[in-house]
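Have a look at the structure below before the remarks.
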Amino acid sequence: MNRHGLEIVRYGINGVVATAVHYGVLTFNLNALHITSAGAANLIAAIFGISTSFFGSRFFVFPRADEAIITQALKFSGLYCGIALLHGLVLLIWTDRYGFDYRLGFLIATTLQVLLGYLGNKFLVFKT
């Protein structure tokens with residue numbers, strides 16, 4: 001497999017690991033720490049998942065990155081804030097405005113998220 005193909009496989013692995021961390025921390029927050037708000041528990045868990053995604057991207061997916069870690073972290077945060085807003089906008093328009101099924105809207109938004117996340121990380125954040 002060529003370098004680009006391996007990079008995409010590593011991106012997928014990183015996404016699965018970050019999602020598992022997010023879900024694991026969410027479950028721990030709800031069941032072990034007894035945080036009563038699922039929203040608050042998820043917000044805390046998202047910080048762990050996003051951090052895992054950043055470090056996995058920097059050291060596993062795009063290990064040739066040379067820029068300072070703080071600069072990359074700021075770019076990564078900005079990219080993912082933008083993607084999160086886009087994700088919400090897709091559901092707002094798809095479901096709230098036009099009344100289409102939210103599950104399909106979520107799938108569309110998540111597909112955009114994965115594509116934009118990969119491209120944004122590759123060409124803007126880690127510049128490989």
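Coordinate-derived values only; no laboratory data. Remember, it's a predicted structure, so these values are computed and weren't measured experimentally. Cβ coordinates were reconstructed from backbone atoms using ideal geometry, including for glycine residues, and neighbour counts include every protein chain displayed.
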Where labels lie 7 Å past Cα in the beta-carbon direction, separation of ASN31 and PHE100 in nm: 3.6 nm
Segment 1-73: relative contact order as a whole-number percent, Cα under 8 Å and 6+ apart: 38 percent
Residue order, fewest to most surrounding Cβ atoms within 10 angstrom, among GLU7, GLU67: GLU67, GLU7
Part-to-part distance (alpha-carbon centres) for segment 1-48 and segment 99-125, which is given in Å: 16 Å
Order of LYS127, LYS122 - criterion: other Cβ atoms within 10 Å of each residue's Cβ, fewest first: LYS127, LYS122
Residue order, fewest to most beta carbons within 10 Å, for VAL114, VAL90: VAL114, VAL90
Segment LEU115-SER77, length gained on full extension (0.36 nm per residue, minus Cα span): 12.0 nm
Nitroxide proxy distance, nm - points 7 Å out along Cα→Cβ at ALA40 and LEU124: 3.2 nm
